[in-house]
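This report refers to the structure that appears directly beneath it.
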Amino acid sequence: MQDLFSHPLMGMVILLGVLILVHEAGHYWVGRFFGIGVETFSIGIGGPIFKWVRKGTEFRLAWLPLGGFVKFAGMTAGEPLLPGVQGIPFYQASRGARAAVLLAGPLANLLLAVFIYAALGMHGIKHPSPVVGMVVPHSPAELAGFQPGDRIVEIDGEGIATWGELQDALFLAPGKKLQVTLLRGGKTQVLSVTPDAIEGVDKLGRKVTRGQAGVGPGFVDAVVTVRAGSPAAQGKLPTGAAVTSIGCGTTPLQPVSHWVDMESALLACFLHKIDSLDVGYQIGTDKKLAHQVQLSVDSWRQLPETAAASVLTERLGLYDSQLTIGESQNPAVQLGDRLLAVEGHSISDLFALNTFLMENHKKNAVIQVERGGRTSSISLAMQEVEVQRPTGKEILYILPFSFLGSLLPAAPVLTQYKNPMLAIQFGWRETFNLSRTMVEALGGLLSGAVPVQSLGGPIMIAKIAGDSVKAGWETFVQVLAMVSINLGILNLFPIPILDGGRLVLLFAETVRRRPLSEGSVERFQQLGFMMVVLLTFLATYNDLGRFWASIVKQAWGGGTP
């Protein structure tokens, strides 16, 4: 049953059905409030699946779920009135009443978004926490003294509650010196950092200069790579082991969840001047298969008391496994190889690797790996992947293997408003911010700042709707809110046949102090119809470019896209 509802077409039907019902209900109820007669209330367009008549209004559910309409009686003075319809003709209503009716549909969509975000706010929304997981070597953050585990609480006097807020504050400050307040070990510290200015594109596809400090939200996990001949290797600790605990002497085993935990535990043991380490670990995902080994720490004997944790791990022969190769599709690359460089670009961590691969269009590459203490160069064919960007589909090439290590997110923070009034304020704020982004996007399309390839249509809506159903109800209702905002804002634009276009006609009638001629209205609506058809054609063309391969794959039994 879940597979049925997560199918893109079914997801689109559910999503658009709700949005169209809300939009048209807004027109209908405000029209009825002003006593205007309604001939037809239709969800969907085309022939009706079923219909019924109540108080002279025909309610119908039509076959094509790509729109809907409310047909008011007497839209123009020359239009005949159907018998049995209750209410006055639309053209006889005051201009204020007609404007309210036209505005009601888009406003209903915006109010739906407010309600959804308010409900989510009361339920609670999880956000990535503003905790530094990794610090890029030689980055502004490292030079400023940032460390994994730092919790950012304030930037230039503005409170930081989520990783998204931290990211925005850094992005918007390229080349600007920032005062960052953080918590480290329960104590407050203030650091100064100046993000690098990086050229790129924003989520709308516009060219921007943004700030990049070199911090990431993920902690490097405690999966180890063991150097041959090292104390760790002599103690039988295998490469790929996920360290779960460390103990020393009479100190009980301390739990370890990621690399920073392990380094802290090793440092504590070093300061206790112990003779050996007890290391608990597991291989694979089965937590019941626990192992324990004892490692010699003779290599620590001559180190000063101020030795860094990284020196301790190096002496033991331990490295993190974020760049240690696991499964590989190329036989020239072996389990346990450590990636050092790609196409001459030194790779120090997953951040540097992802930065390189996100712009890599080469089908073949030469990589350098460390194997058994020696460096080897390997030429290999890259793996082709499709990525969706605001400018359209792009083909990139990634490495044909995975890594033993990964990045672990910090515990999320929960945004929750138990007070209904605060939840409504949150709903208004989220709706306003997304509405502003939508207006900027449409304005950018008209000015050329936003590429036309970013325009999406029914296929994109179907894909997003289907994916959101699979992701869970919270994701689906958030997508519902975002699309509802888009529908409301789009309908307010002065495009003929849309609500905004009809408001333009009403404004012209107000200025002229008399109704427009039927010929003028008809030509205006014909222009609007042509504009909508062209926009739909362009959006569908973009969608086919993005999703054609997955559409064909699904049609021929290849699974869901």
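The values are calculated or read from the model by the stated rules, or taken from the named source; none is laboratory data. Everything numeric here is computed off the predicted structure, so don't read it as measured data. Quick reminder, even Gly has a Cβ in these numbers, built from the backbone with ideal geometry, and neighbours come from all protein chains shown.
How many residues, within the stretch 126-147, are hydroxyl-bearing (Ser, Thr, Tyr) and either within 27 Å of GLN478 (Cα to Cα) or not assigned by TED's automatic domain parsing to the domain that holds LYS177 (or both)?
If we filter the stretch 126-147 for residues that are hydroxyl-bearing (Ser, Thr, Tyr), which is where we start, we get 129, 139.
Right, trim to either within 27 Å of GLN478 (Cα to Cα) or not assigned by TED's automatic domain parsing to the domain that holds LYS177 (or both) and you get 129.
Within the stretch 126-147, residues that are hydroxyl-bearing (Ser, Thr, Tyr) and either within 27 Å of GLN478 (Cα to Cα) or not assigned by TED's automatic domain parsing to the domain that holds LYS177 (or both) number 1.
Can you find a residue in the stretch 79-100 that is in contact with an Asp or Glu (Cβ under 8 Å, 6 or more places away or on another chain), under 26 Å from HIS27 (Cβ atoms), at pLDDT 90 or above and crowded, with 20+ Cβ neighbours inside 10 Å?
No: zero hits.
Could you run through the stretch 254-279 and say how many residues are more than 18 Å from LEU408 (Cβ to Cβ) and under 42 Å from the mean Cα position of the chain (by Cα)?
Residues of the stretch 254-279 that are more than 18 Å from LEU408 (Cβ to Cβ), as a first pass: 266-279.
Adding the requirement that they be under 42 Å from the mean Cα position of the chain (by Cα) leaves 266-269, 278-279.
So the answer is 6.
Please go through (1) out of contact with any Ser or Thr (no Cβ under 9 Å at 6 or more places or on another chain); (2) in contact (Cβ under 8 Å) with a residue 40 or more places away in the chain; (3) aliphatic (A, V, I, L, M) for LEU318 and return the number of the only condition it doesn't satisfy.
(1) is the only condition that LEU318 fails.
Just for the stretch 292-342: of the residues that are touching a strand residue (DSSP E or B) at 6+ places or on another chain (Cβ under 8 Å) and hydroxyl-bearing (Ser, Thr, Tyr), which one is surrounded by the most Cβ atoms within 10 Å (Cβ to Cβ)?
SER321
Is there a residue being under 24 Å from the mean Cα position of the chain (by Cα), surrounded by fewer than 16 Cβ atoms within 10 Å (Cβ to Cβ) and either closer than 30 Å to LYS418 by Cα or among the charged types (D, E, K, R) (or both) anywhere in the stretch 127-148?
Looking for residues that are under 24 Å from the mean Cα position of the chain (by Cα), surrounded by fewer than 16 Cβ atoms within 10 Å (Cβ to Cβ) and either closer than 30 Å to LYS418 by Cα or among the charged types (D, E, K, R) (or both), one finds at least one in the stretch 127-148, hence yes.
Quick one: which of LEU61, LEU102, LEU81 is assigned by TED's automatic domain parsing to the domain that holds ASN491 and in contact (Cβ under 8 Å) with a residue 12 or more places away in the chain?
Just one listed residue meets the conditions, LEU102.
Return only the number of the condition from (1) more than 30 Å from GLY35 (Cα to Cα); (2) buried (at least 17 other Cβ atoms within 10 Å of the Cβ); (3) at pLDDT 90 or above that HIS123 does not satisfy.
Among (1) more than 30 Å from GLY35 (Cα to Cα); (2) buried (at least 17 other Cβ atoms within 10 Å of the Cβ); (3) at pLDDT 90 or above, the lone unmet condition for HIS123 is (2).
Only one of (1) farther than 21 Å from ILE497 by Cα; (2) modelled with pLDDT of 85 or more; (3) crowded, with 18+ Cβ neighbours inside 10 Å; (4) among the hydrophobic types (A, V, I, L, M, F, W, C) fails for LEU15. Which number is that?
That leaves (2) as the condition not met.
Given the conditions (1) within 30 Å of VAL479 (Cα to Cα); (2) of a type in the set (Lys, Arg); (3) in contact with a Gly (Cβ under 9 Å, 6 or more places away or on another chain), and given that ARG32 satisfies all but one, which numbered condition is not satisfied?
Failed condition: (1).
Given the stretch 204-280, what strands (runs of 3 or more DSSP E) lie entirely inside it while holding 1 or more residues that are buried (at least 19 other Cβ atoms within 10 Å of the Cβ)?
Working: elements: 207-212, 218-220, 224-226, 242-248, 251-255.
Here the list reads 207-212, 218-220, 224-226, 242-248.
Among the listed residues THR251, THR225, THR194, identify the single one that is at pLDDT 90 or above and more than 30 Å from the chain's Cα centre (by Cα).
Working: THR251 fails: at pLDDT 90 or above; THR194 fails: more than 30 Å from the chain's Cα centre (by Cα).
Every option except THR225 fails the conditions.
Please find, among GLN282, GLN334, GLN322, GLN329, the residue that is in contact with a Leu (Cβ under 7 Å, 6 or more places away or on another chain) and under 30 Å from SER379 (Cβ atoms).
GLN322
Of all residues in the stretch 346-366, how many are surrounded by 14 or more Cβ atoms within 10 Å (Cβ to Cβ) and out of contact with any strand residue (DSSP E or B) (no Cβ under 8 Å at 6 or more places or on another chain)? Reasoning before the result, please.
Keep residues of the stretch 346-366 that are surrounded by 14 or more Cβ atoms within 10 Å (Cβ to Cβ), which gives 347-353, 355-357, 360, 365.
Checking which are out of contact with any strand residue (DSSP E or B) (no Cβ under 8 Å at 6 or more places or on another chain) leaves us with 348, 355.
Counting residues in the stretch 346-366 that are surrounded by 14 or more Cβ atoms within 10 Å (Cβ to Cβ) and out of contact with any strand residue (DSSP E or B) (no Cβ under 8 Å at 6 or more places or on another chain) gives 2.
Filter the stretch 35-50 down to the residues that are surrounded by fewer than 17 Cβ atoms within 10 Å (Cβ to Cβ) and either modelled with pLDDT of 90 or more or of a type in the set (A, V, I, L, M, F, W, C) (or both), then identify the one that is nearest to PRO106 (Cα to Cα).
Of everything passing the filter in the stretch 35-50, ILE45 is nearest to PRO106 (Cα to Cα).
Could you tell me which of the residues SER484, SER435 is of a type outside the set (A, V, I, L, M), buried (at least 18 other Cβ atoms within 10 Å of the Cβ) and either at pLDDT below 85 or assigned by TED's automatic domain parsing to the domain that holds LEU102 (or both)?
Details: SER435 fails: buried (at least 18 other Cβ atoms within 10 Å of the Cβ).
Just a single option satisfies the conditions, and that option is SER484.
Would you list the strands (runs of 3 or more DSSP E) that sit entirely within the stretch 323-412 and hold 1 or more residues that are among the β-branched types (Val, Ile, Thr)? Talk me through it step by step, then tell me what you get.
Details: elements: 325-328, 338-342, 364-371, 374-381, 383-389, 392-398, 401-403, 407-409.
The strands (runs of 3 or more DSSP E) meeting that bar are 325-328, 338-342, 364-371, 374-381, 383-389, 392-398.
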